[in-house]
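Some notes on the structure that comes next.
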Amino acid sequence: MSELTNLFLTGTDTNVGKTYVSVLLVEALRKRGIDCVGMKPICCGDRSDGERLHAASGGGVSLSEVNPVWMRPPAAPYTASIVENRAIDLGLIREVFAGLRVRHPSMIVEGVGGWMVPILRDYFLGDLAAEFGLPIAVVVANRLGAINHTLLTVEAIRLRGLECAGIILNEVGPALEGVDIAGVTNRSILEELLDVPILFEVRHGQTELVL
C-alpha cells in the first residue's frame, strides 16, 4: 500500500488516537523494510506523543527531530505560546521536516489537535499541512458524532484547496454493551456520503497493522 508510506495525519478532534495510529503505521512500515520515521512537529502538555513516535522510529532520528517544538501548557499551540510567552518556531519545524524528508523515503507526520487548531494568530494546522505537501489522512474516533466531525474536517481540507487521501477509523474505547449502532454503521455511511476512501479501521487495543 504505497499510498500509506507518506502521510500527514490530522484528526476530527483532540484525543481521537492520532498518536496511536501514527505509531502503528510507522511500526508496520518499518517491519516491511521501509525506512519510515514519525514526526510530531508540536507537542503541547507532556511530550509522550513525541516520545512514542521516537521509539517507533528506530535509532536513526533524535527526539528533537521527531518533536522539534515542545510547549508545556496543555492547550492549543497558539494558546500555549501566549502562556509561555514564547512564539512557535516555524522556521525550526520547517528545517527539521526538510532534513528528515531528504534522509528518509517514508514519513508519518502527526498534527496537533484538529485541522483548524491555531499555531499562530493567523496560521493554522492546515497551513502547516499545506506547506509539507504530504497526502492528508483524517483520523476519526469511531463513535457517535463521527459522521458530522468527519464531514466538517474533509470539507475544511478541501476549502483550503487540498485533497483528503483517506479516512482512518479508530475505535477509541472498549466496545459498549449491546449494539453500538454508530460504531457499526459509521464506515458504511461515510463511504456513502464521501468520495474519500476508508484506508483502514483500528480496533481498540490493536497492537499491529498489516499493510
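Read-outs: derived from the displayed coordinates by stated rules, not from any lab. Bear in mind the structure is a predicted one, so any value in this text is a computation, not a measurement. Positions of Cβ are generated from backbone atoms using ideal geometry, with glycine treated the same way; all protein chains shown enter the neighbour counts.
The mean sequence distance of close C-alpha pairs (under 8 Å, at least 6 residues apart), as a share of the length of the chain, puts its relative contact order at 26 percent. From the largest down, the chain spans 47, 40, 34 angstrom on the principal axes of its Cα atoms.
What's the local net charge at VAL196, with K and R +1, D and E -1, over the other residues with C-beta under 13 Å away? Net local charge, VAL196 excluded: -4. Taken along its principal axes, the alpha carbon cloud of the stretch 1-126 reaches lengths of 42, 27, 23 Å, longest axis first. Looking at the chain as a GNM with Cα springs under 10 Å, which of PRO174, PRO41, PRO197 has the largest mean-square fluctuation? With Cα springs under 10 Å in the chain, the top fluctuation among PRO174, PRO41, PRO197 is at PRO174. When the chain is treated as a Gaussian network with alpha carbon springs shorter than 10 Å, the biggest mean-square fluctuation among GLU131, GLU155, GLU51 belongs to GLU131. For the chain, modelled as a GNM whose springs connect Cα atoms under 10 angstrom apart, the maximal fluctuation among ILE88, ILE136, ILE181 occurs at ILE181. Think of each Lys and Arg Cβ as +1 and each Asp and Glu Cβ as -1; about the Cα centre, that makes the dipole of the chain roughly 440 debye. Between the stretch 75-109 and the stretch 138-172, what is the C-alpha centre distance in whole Å? That distance is 23 Å. Helical runs assigned H by DSSP (4 residues or longer) give the chain a calculated mean residue ellipticity at 222 nm of -12000 deg cm²/dmol, each run adding -39500 (n - 2.57) before division by the residue total.
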